[in-house]
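Each reported figure results from applying straightforward, stated rules to the coordinates on display, with no laboratory input. If you're wondering where the values come from, they're calculated on a predicted model, not measured in any experiment. Methodologically, a virtual Cβ is constructed for each residue, glycine included, from the backbone with ideal geometry; neighbour enumeration extends over all protein chains shown.
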Amino acid sequence: MEKQAVAVDICNVQIIDGNAERIEMRVFGTLLETPEGFLLEYTEYDENANRFQTTVRVVGQEAVYVTRKGDFGSEMQFEVGKRNSTVYATPYGEMLLGVYTKSVENALRGSGGRLQFCYTTDFNSRFAIENSMSLTVHLDAEPSA
């Protein structure tokens, strides 16, 4: 199967000390069905116009691997019931980030669909943050001018 143009609606909810922060955005990229699952690639920009290239590799029903390249880069592994460590790179230095995956719900198909994963993050085994990330993929979408 070949890469297909997609729009991706991203919703990320973080809960820190009982306070929820919700970030929503629409990005454009490509979706490729692979023998393992899916490969989703997109570019996003933050409020300061910094560019990030993100690759989401979905393997089966319980594993998601996210690589983000840019000023704030990381390679995160989301495997249900496991805690993985990664280095989170910033322009100011690197931090050790722990990721514990609570759940992965993979409803992606070659025609689009939804991927959701819930996890906690901690910095140096302290200060846990609850996270819920949802990606809804729409085929044949083009950025509007």
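The table that follows gives values for the structure above.
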quantity	calculated
Three-way shape label, region 72-121, alpha-carbon gyration tensor, a/c 1.5	oblate
With at most 13 neighbouring Cβ atoms within 10 Å, loop trypsin sites (Lys or Arg not before Pro) (DSSP) excluded, longest segment of the chain	4-81
Histogram of C-alpha separations across the chain, 5 Å bin width, %	2, 9, 17, 23, 22, 15, 8, 3, 0
